[in-house]
Amino acid sequence: MKNEILVVDDNPDIRFLICNILKEKGYMIRSAANFDQAILEIKTKLPDLAIIDIKLDKSDKDGIDLLKLAIEKNKDLPVIMISGHANVQVAVEAIRIGAYEFVEKPFSSDKLLNYVKRALEITSVKQDRTNAENKLFYSFDFIGKNIEIKKIVKTVEKLSTTESRILITGKTGTGKELVARKIHKSSIRSDNPFVVFNATLLREKNYAKHLFGEEYSNGNIDYGILENANNGTLFLDEISEIPMNIQSNILRILMDQKFKRINGSKDIFVNVRIISSTSKNLKVLIQEGKFREDLFHRLNVVPINLPPLQSRTEDIPLLIKYFKKKIAEINGIPEAEIDENNDLLYSYDWPGNIRELRNLIERVSILSMDENKKDTNKILTDILKENPTNPNITSSLNISMTHSLKEAREQFEKNYLINQIKKNNGNVSKTADFIGMERSALHRKLKILGIKGLN
C-alpha cells in the first residue's frame, strides 16, 4: 500500500513543488493551502506522514499548532516541519513537541526525500513492533493452578452472562487488562468495541476531551472514547489517577448513561459496560480525600483482586512452559529449553509480576537461539543476577561478610527450604520426598528455623 503524505504550505509554488517531488516517487499526496484546510484534513483522516510549514495564513495560529494537534491524535505520526524564517528556538521547540525533523528553506529534493523515507521506515518498524506486541498480548490466556487464580477464572466465567460493573485490583503486571479483555471477549458485547482509557497517560486538561469529545464552530466533531465504546466495554485503567472533577462526571454518566460533548448542547446517550482497574488502595485514597466514595461503590459491584506472582510461585513452572511455547510460535523461533527449577526463579521477588516473567522468558528465548540447554540456563541465571534487588544474591553476600559459619549454614538452609516449599506449593510431604528427608524431621527443622505461613 502506498504511503499517504499531507503537505501544508500557504505558498502555492512551494506546495506544488513538494507535491510533485513526492508524486514522482509514488507517494499519495493530499495538500492544504491554509490553516483551516489543514485542520479539516487532519481531522478527516490522519496521513502516514505530514510536511507542515511553520508560517501559515493565520496570525494567531501556525504550523506548531498543527503539529500539536497531529501529535495529540497520534503520538507516532512522523511530522517534518519546514520554514524559511524560523529561528533555532522554534526548531528546538518543534522537535521537543514531537516533530521528526526540521528543514530550512530552500532545501534540495534529495534531502527532503531522504527525511521522508527514513521517517516512514522508522514508523513502519514501530508499527510492526506494536503489532507483534499486540499479537503476543491478545493471544495470552489467563492460566494458573493457584487456588486464588482458579477462583478468579470461575468468576470470569460467571461474569460473561452479566452486565455488572467490575473493579480489578492488583499490583502492576499482574494481568488486570488481560482479565478485562477476557471478560469482554466472553460477554454478549464481544462483537462490539473494547476501548481502553489509561488514566496515567493524560494531562489533567485533556481528560474531558478524551472522554466526552468536542464540537467545533465549523461543524467538525472529535468523538470521545465514550462514544467510541458505545455498545461495547470501556476499560478505565488506573482509575485512581483520574482527577476529582472528572470523577464527578463519570459518576453522573454511570447514573444517567448520557453526557454532553465539550461545546455541545445536546445529550449523547451511550450504552457501555464499565470495567475499572487500579494498582492502588482506593479505600486509603477515599480517606485521604483523593477518590470519591460514591464512585468507588458504583464501580466496585464485582471486585476481582489479582495476587502478585510472589504469592503464587507454584504457577511459575506452568507459566514458563506456556510463555516459551507462545513466544516461539509468535516469533517463529525454536522453543527455549528453560529449567523451571532454577532456585533464583523462586527467591526473586518479581516486582513486575507476570509481565516481568513473560519479558524474561522472551528475552531468554531470543538470546538463547542456537544455544544448548546448559547455555540457556546460564543466560537465565545471569539475567536474574543482574537485578540487585534479588534477595538470593544480596543475602548471600551479606552472610559471607558478616555471619559466622553456623549462622551462614542456618541461613542457607532456611533459604533453600523456603524455595523448595514454594516450588511444591507449600506441600511439606512433597518437599520432604524431594529433598530426601522424613516429613516429621522436616517439620522440626522448619520450626527450628522459624519457617511458617508460606501459604
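The values are calculated or read from the model by the stated rules, or taken from the named source; none is laboratory data. These numbers come from a predicted model, not from an experiment. So basically every Cβ, Gly included, is an ideal-geometry build from the backbone, and we count neighbours across all protein chains shown.
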Being at pLDDT 90 or above and among the acidic types (Asp, Glu) is the filter; apply it to segment 37-60 and report the residue that is nearest to the chain's Cα centre (by Cα). 48
Within segment 276-328, work out how many residues are within 30 Å of residue 253 (Cα to Cα) and not aliphatic (A, V, I, L, M). 21
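Tally the residues that are touching a residue at least 40 places away in the same chain (Cβ under 8 Å) and charged (D, E, K, R), restricting the search to segment 46-71.
Number satisfying all stated conditions: 4.
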Are any residues in segment 18-44 surrounded by fewer than 16 Cβ atoms within 10 Å (Cβ to Cβ) and without any contact (Cβ under 8 Å) to a residue 40 or more places away in the chain, and if so, which ones? 20, 23, 24, 26, 28, 34, 44
All positions within segment 136-152 that are at pLDDT below 70, loosely packed, with under 12 Cβ neighbours inside 10 Å and not small (Gly, Ala, Ser): 138
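If only one of 252, 261 is more than 22 Å from the chain's Cα centre (by Cα), at pLDDT 85 or above and surrounded by fewer than 18 Cβ atoms within 10 Å (Cβ to Cβ), which one is it? If you could, list the steps in order and put the result at the bottom.
Working: 261 fails: surrounded by fewer than 18 Cβ atoms within 10 Å (Cβ to Cβ).
Testing whether each residue is more than 22 Å from the chain's Cα centre (by Cα), at pLDDT 85 or above and surrounded by fewer than 18 Cβ atoms within 10 Å (Cβ to Cβ) leaves just 252.
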